[in-house]
Amino acid sequence: MIKSLFTLASALVFSGALAAQVQPDFKSLTADLGKAPRAHPYLLFTAAEKPALLQHIKQDRRSAEVFEKILLEGRRLINATVENELPPPREMHTRYVGADDYRRFVAQHLNAAFSLAFLYQMTGDEKYVAKAFFHANIVCAQENWMQTPHQFDVIYPRVWPYGAKDDEVAFTYDITASATSQQMAYIYDWLYPALAKPQRDRLRGALLEKAIMRVRGNYEYLWWATAYKCNWSGICHTGLGLAALALLDDDPQLTDVVARSCEGIWNMIEHIGPDGGWQEGRGYWAYGLGESVRFIDAVKRATGGKIDLFKHRSLSPHPVDFGLFGMTAGFGDGSGNAVGDSYVMNKLAQESGDPRAAWYVKNFVRSGETIFDLIWPATTVTPEKPAETSKFFPSIDWAVMRKDFGADYITIATKAGMNDDPHHGHLDCGTFSINWQGLNFVGEVPRTPYDEKYFGAMRWDYLEARTSGHNCVMVNGEEQIEAKLKDQPWRDGIGGHITSYTSESGWAAVSMDPTHAYPGKELKRWNRWIVLDKETNLVVVLDQVACAVGAEIEVRFHPGVETDVARDHVTLRATAAEIGRGGRQAAAPTTLASTPIPAAGAHRYATGETPTTRTRRTDLEMIPLFNGDFSLIQGRQPDLPVMQEPQLTWATYFSTVVKASAEENVIAAIFCPSDLRQGDGALTCKMDSTGAAPVISYSVRGKTTKLTFAADKLTHEEK
């Protein structure tokens, strides 16, 4: 019988859902903020709110343990012998040498001041004040708070994202300066009652000189100020907004900065789809939104709820769908792991009341042990597992298909989308991954550390960014093209779209058209279908490729496990000690969860390269289907970032290669657990591409499934 068929010819029109909300008049809403005096602290909590916070810390066992840890850290800092050391020299080319001792020096003092200032607020013990100011004063004394790779000598050749002009020459404030501004705003807020005026003015002066005065009145010269599709926008506006809020009693005229930060973060959130999708990827979604939440909360408090960005249509009522449903979708420079600091995810769940967000943070996000985890503790929202676990993100043309979130079920993550993100995007329209048993059997090429050239004109030469490093189709070696090069105009329409999607109880499917991601010289048309049989963990990938007769068509796959290539099938071996991202070992990530300011190399927070050792599992096999001669090849690709210490790695791949016998060619692959190919009822499969619509039939364990791939619909029959 015919079980299901679907078409989304008009259902995928997403313009209505993407319609922007009307932006509030933030200037009017913030105009009176500086008129009413307020007593410090007030950014995260007030004196009146402290008893409840302390009571929670006392009554909640985990919070009590975390607070005890912070008390011990405070004891260490109070009793540490601190010499009046000079900071190490600034190294401009930290991404070439692979270290940033100066940034680490500043971060150590900033983190110490932050912890000690918090302990003063929680205990009232003034012994913490002098040492907190000592460390904060060292941070104040630095010439600027920027990361050196973001200064002119290194960042100038960058290919700028949407909203930024090519002619960018002024670089006075960045995400590292913002992280420092945030922490210094809290330190100022917490220490204010105990400091003498000269000490307060020292901190206040630093916030003005190193943050506000570098930007205020000069927004039009700073690339991130209007690059709202980039996480930098929310992050940088947050640091400025928190600094201005902290200084309002002394400098009430700074309400214009507060208003501009509201506008900047609002506009960034506007580019989070109503489905939760963020084009830069999940790690950078968590980073940009996670930082922004600090200002969102502070301005909500300061305005008595008149400005509540938590209620934006992209954050309410489903604020963390990208984190939850997007797991295993490690596309671009992003991560397929669970992303987001626990306190941010808890805060979003609490503000939205979303039970799925509460379920995500409870089941997948590692609990943090930071000061923020005490201030924004575990949500009281009752967690609820979503009934449907697959998800289509039309705003970015990503889809994730699974039967359930457990490791026993295969998860397929795939994407189309436009090749118009030169900041964190890749030329990977049409790629996909297969995750099962906690392993990426097919996945992304592991990413090397960022070097100086990665965001410039050379970006598309890097294996992790170019098409040959992804699970895509190439004709005569032709790869996809980018929509933006340095000092060149944007090219519209470079990329493709998901054209249909469905998910039912027993199966799911997606189709896409990545044709216009290519130059059009060799590959004339490419349509890809991916079908997941949820009951058997079987995956069908069908590619329809139009090209010249005799051209070489290569369908490439990058395994994340050991691979044996035979004449007519490939075995993907789930052996012990495999790594969860692409079969190459990577250093453990440096995250933002335990340090208020990112240390050198903290971009790994976003890429999520977490090594995972596994025990023996069931293998996966790939069976190619083509009505003609084909060959299975296996190879490896070298990858070498531009760094002082060579870090050469190899990324393995296997491919189905055919010579085009016609202008229209159909190539398929079936991925299935090895045990389906054994014993009674073992898998048999065949493809017929001679008719108007290709047909794939497979039988396993007494059930036969027939898939008919028409131009605008998939017919799914079982018997």
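A compact table of results
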read-out	value
Any hit, segment 324-339, residues being over 24 Å from I375 (Cα atoms) and not in a loop (DSSP other than H, G, I, E, B)	yes
Filter result for D166 (within 30 Å of G264 (Cα to Cα) and modelled with pLDDT under 95)	yes
Leading residue by the ranking (surrounded by the most Cβ atoms within 10 Å (Cβ to Cβ)) among those in segment 354-403 that are of a type in the set (D, E, K, R) and part of a loop (DSSP other than H, G, I, E, B)	D397
Residues of segment 641-688 classified as free of Cβ contacts under 8 Å to residues at least 60 places away in the same chain and either polar (S, T, N, Q) or surrounded by fewer than 16 Cβ atoms within 10 Å (Cβ to Cβ) (or both), total	9
N419, sole failed condition from (1) out of contact with any Leu (no Cβ under 6 Å at 6 or more places or on another chain); (2) modelled with pLDDT of 95 or more; (3) closer than 23 Å to Y518 by Cβ	(1)
Conditions (1) modelled with pLDDT under 95; (2) in contact with an Asp or Glu (Cβ under 6 Å, 6 or more places away or on another chain); number of the one not met by F310	(1)
Total residues in segment 274-322, condition of a type in the set (G, A, S), assigned to a helix (DSSP H, G or I) and under 21 Å from D397 (Cβ atoms)	3
Given (1) farther than 30 Å from G495 by Cβ; (2) at pLDDT 95 or above, index of the condition T575 fails	(2)
Wholly enclosed helices (runs of 4 or more DSSP H) of segment 44-146 bearing at least 3 residues at negative phi and under 30 Å from the mean Cα position of the chain (by Cα)	61-79, 94-97, 101-123
Residue check, D153 within 19 Å of L242 (Cα to Cα), in a helix (DSSP H, G or I) and in contact (Cβ under 8 Å) with a residue 12 or more places away in the chain	no
Restricting segment 125-161 to residues that are surrounded by fewer than 20 Cβ atoms within 10 Å (Cβ to Cβ) and small (G, A, S), the residue that is farthest from P449 (Cα to Cα)	A130
Residues that are of a type in the set (S, T, Y) and over 23 Å from L245 (Cβ atoms), drawn from segment 273-313	Y284
Check on G691, more than 20 Å from V510 (Cβ to Cβ) and free of Cβ contacts under 8 Å to residues at least 12 places away in the same chain	yes
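The values are calculated or read from the model by the stated rules, or taken from the named source; none is laboratory data. This is a predicted model, so every value here is computed, not measured. In this analysis, Cβ positions are derived from the backbone assuming ideal geometry, glycine residues included, and neighbour counts consider all displayed protein chains.
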